[in-house]
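Okay, structure first, notes after.
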Amino acid sequence: ANCTLQISFNPSGVGGWNGALKIIASDFQQTHFISLFGTGVSLPAASLSAKSLSFPAQLVSYTSAAQTINVSNSGGASLQINSINISGPFAQTNTCATAVAVNSSCSISVTFTPTAGGPQTGTIVITDNANYSPQSIALSGTGQDFSLAGAAGSSFPTSVTQGHSAVFNLSIAPMGGLTGSVSFTCNGAPSEATCTVSPSPAVLSASGPTPVTVTLTTTASSNIGFNPQSPSPPWRWFLLLTLLMAAGAAAVSLKRWPWREAALLLAATLALLILVSCGGGGGGGPVTPPSNTGTPKGAYTLTVIGTFTSGTSIVQHQMSLPLTVD
C-alpha cells in the first residue's frame with residue numbers, strides 16, 4: 001500500500017530556498033530524507049483607492065462630472081492590466097494601457113449618463129496579473145426624469161362633434177427626486193379649432209402626480225353675413241325720379257345760382273343716382289353670403305409635448321392623442 005504527502009512552498013522573500021523533509025519509519029532504514037528546493041519571486045499587488053463609486057442625481061441623457069479610481073501596484077513586479085470592463089449606464093477612460101511599475105499607479109475616470117429615472121447600478125471589472133484578480137468596483141447613481149401619461153382611472157375621448165370640445169385628462173410625476181415645473185405645447189389641431197393645455201407650466205410634486213388637462217375646442221358650421229338687395233323695378237325708377245325732383249327743387253330755390261350751375265348740379269346728381277341704382281356699374285346680380293364650414297371633419301392626432309428645463313439642459317416627453325371630428 002502507499003500514502004501521499006502534499007508539500008507547499010511559501011517563500012518569505014525573493015531568491016532561492018531549500019529545505020528537507022525527514023520521515024521516520026519502522027522499516028530497516030528507519031529515517032528517510034527528501035531534499036526540497038524553491039525560488040521566491042516578486043509578484044505585483046493591485047490595490048484600489050475605492051471599492052465603490054456613488055454619483056449624485058443626474059438628468060436623463062446628460063453626462064455627469066467624472067469620478068476617479070486609482071489602481072496602485074504595491075507588489076514587487078510590474079502590474080499588467082489585461083482588461084477593464086464596465087456595465088450599466090456608465091463609461092470609463094483610463095491611463096492603464098501600459099504596465100504599472102512597482103509603487104506606481106494608473107487612473108480610471110468614470111462618468112454616469114442615466115437612461116431612465118430612478119436608481120441605476122453598474123460594475124467595473126479589472127483583470128490583471130496580480131493575486132486575487134479580477135478586482136471589481138460597484139457603481140451607483142440616480143437618474144432624474146418625469147413621466148407623462150393618462151390620469152389614473154381616466155379614459156380618452158375618441159370623437160367630438162363640430163362646435164363641441166374634447167377633454168383629455170393627463171398627469172405628470174417626478175422620477176428620481178426631480179423638482180421644478182413642466183411647460184406644454186399642443187400640436188396637430190385642425191383648422192377652426194384650438195388646443196390648450198392647463199396648467200402650463202405645471203409644477204412637479206413629490207407627493208403625487210400633478211393633473212394636466214388638454215382641451216380641443218372645435219367650431220360649428222354657420223352662415224355669416226347678409227345679402228342687401230336694391231329696389232326692384234318699377235320702384236327703383238320711382239325712387240330715382242323722386243330724388244331727382246328733390247335735388248332740382250333745391251337747386252332752383254337757390255336764386256343766387258345761375259341756371260348753368262343749377263343744370264350742372266342736376267346732371268351730377270342724376271349721374272350719382274344712376275351709379276348707385278346700378279350697383280356701381282356691376283352686373284347687379286345677387287351677392288352670395290360668406291359662410292363658415294367650421295372645423296373640418298376627419299381623423300386627427302394631437303401631439304402634447306412636455307418640456308422640463310434646467311439651465312441649458314432640456315428633458316422632453318410627448319404623448320399622441322388620436323381624435324375624430326364628426
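The values are calculated or read from the model by the stated rules, or taken from the named source; none is laboratory data. Because the structure is predicted, anything quoted here is derived from the model rather than measured. In this analysis, Cβ positions are derived from the backbone assuming ideal geometry, glycine residues included, and neighbour counts consider all displayed protein chains. Protein only, heavy atoms only, side chains kept; ligands, DNA and RNA dropped before computing areas. Shrake-Rupley method; radii C 1.70, N 1.55, O 1.52, S 1.80 Å.
General observations
- Tallying residues that are of a type in the set (Ser, Thr, Tyr) and open to solvent by less than 40 Å² (accessible area, probe 1.4 Å) within region 31-71 yields 1.
- Flag if Phe28 is farther than 30 Å from Ser136 by Cβ and in contact with a strand residue (DSSP E or B) (Cβ under 9 Å, 6 or more places away or on another chain): no
- Every test in (1) over 17 Å from Tyr62 (Cα atoms); (2) open to solvent by 40 Å² or more (accessible area, probe 1.4 Å) is passed by Thr142 save one, and that test is (1).
- Leu148 being more than 19 Å from Thr63 (Cβ to Cβ) and among the hydrophobic types (A, V, I, L, M, F, W, C): yes
- The listed residue being among the polar types (S, T, N, Q) and at positive phi, out of Asn103, Asn73, Asn129, Asn94: Asn103
- Index of the failed condition, Pro211 passing every other in (1) under 30 Å from Ala299 (Cβ atoms); (2) open to solvent by 70 Å² or more (accessible area, probe 1.4 Å); (3) assigned to a loop (DSSP other than H, G, I, E, B): (3)
- Evaluation of Val102 against (1) of a type in the set (Val, Ile, Thr); (2) over 28 Å from Ile126 (Cα atoms); (3) part of a loop (DSSP other than H, G, I, E, B) (one fails), failing number: (2)
- Checking each residue in region 141-185 for being outside any strand (DSSP E or B) and of a type in the set (S, T, N, Q) picks out Ser154, Ser155, Thr158, Thr161, Gln162, Thr179.
- Taken as a whole, the structure leaves Thr95 outside the set of residues that are touching a residue at least 40 places away in the same chain (Cβ under 8 Å) and either out of contact with any Asp or Glu (no Cβ under 8 Å at 6 or more places or on another chain) or charged (D, E, K, R) (or both).
- Conditions (1) surrounded by 17 or more Cβ atoms within 10 Å (Cβ to Cβ); (2) at pLDDT 95 or above: number failed by Gly75: (2)
- Looking only at region 303-326, and only at residues there that are closer than 21 Å to Ala173 by Cβ and among the aliphatic types (A, V, I, L, M), the one that is surrounded by the fewest Cβ atoms within 10 Å (Cβ to Cβ): Ile314
- Residue within region 2-15 that is open to solvent by less than 70 Å² (accessible area, probe 1.4 Å) and part of a strand (DSSP E or B) present: yes
- Residue in region 173-210 that is modelled with the lowest pLDDT, counting only those that are of a type in the set (A, V, I, L, M, F, W, C) and in contact with a Pro (Cβ under 7 Å, 6 or more places away or on another chain): Ala206
- Qualifying positions in region 31-49 - in a loop (DSSP other than H, G, I, E, B) and not small (Gly, Ala, Ser): Val41, Leu43, Pro44
- The requirement of being more than 26 Å from Cys96 (Cα to Cα) and assigned to a strand (DSSP E or B) is fulfilled somewhere in region 50-67, by at least one residue.
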